[in-house]
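Structure, as structure tokens:
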Amino acid sequence: MNITRTGTLIAAAFLLTACSGNGGTPQASSSQPSSVTSSASSTPTPSTSAAATAEEEAQQAIVAYWAALDALASDPDKSLSDLNVVARDQALAHWQRDLTDMRGAGRTQVGSAVVRDSQGAFDQASSLYTVTACIDVSAVNVIDKDGKSVVLATREPRVRYSYKVQRDADQYFVVEDLLQGKPC
């Protein structure tokens, strides 16, 4: 494995986790509403309500996605096929590869990510939801096979990422996770 790939793997692994303070279960913060705006009347129309519900469910898909990533990075005995229930396409392939590399290097995650301030909107052109969320990894540790931390001191504690989420029947899947973000 070359140094660039190793650095990317380590960065990705560090972004995976943070202590959530609630028994390891990631949670979405409700401090910011989704990007849905209501109509002029005080009572939302059924279509606005349905759209808001769908966008909230797309946001919750990010929470489920990070919970699966946390579980898989923390337990090398778990099957990577567990990702199939939360991810598809680029996101699935990316994390299956990176988690395989992480396991091969003898690294394990400690803690869980906290998904904060998610916002989602449906994109008519792509038929996908675009969801942004601040991923808090401030208390994350990734350790090597000797129990030593491999977390870089310069790692950002919270980064806002943008995801593409696909709805298939009543299930939502993260289909794009480029791990390109900015501090939040």
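Values computed for the structure shown
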{"item": "Enumeration of residues in the range 87-105 that are part of a loop (DSSP other than H, G, I, E, B) and not basic (Lys, Arg)", "result": "ALA105"}
{"item": "Residue ID - surrounded by the fewest Cβ atoms within 10 Å (Cβ to Cβ), chosen from residues in the range 138-161 that are in contact with an Asp or Glu (Cβ under 8 Å, 6 or more places away or on another chain) and in a loop (DSSP other than H, G, I, E, B)", "result": "PRO157"}
{"item": "Residue satisfying condition, being touching a Lys or Arg at 6+ places or on another chain (Cβ under 9 Å), of a type in the set (A, V, I, L, M) and within 17 Å of GLU56 (Cα to Cα), within set ALA133, ALA105", "result": "ALA133"}
{"item": "Count of the range 112-135 residues which are part of a strand (DSSP E or B) and surrounded by fewer than 23 Cβ atoms within 10 Å (Cβ to Cβ)", "result": "10"}
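The rows are residues; the columns are (1) closer than 19 Å to SER162 by Cβ; (2) in contact (Cβ under 8 Å) with a residue 24 or more places away in the chain.
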position: VAL63; (1), (2): yes, yes
position: SER79; (1), (2): no, no
position: HIS94; (1), (2): yes, yes
position: LEU99; (1), (2): no, yes
position: THR130; (1), (2): yes, yes
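Laboratory data are not the source of any read-out in this text; all were calculated from the coordinates shown. Because the structure is a prediction, the values reported are computed rather than measured. No Cβ is skipped: glycine too gets one built from the backbone with ideal geometry, and neighbour counts run over all protein chains shown.
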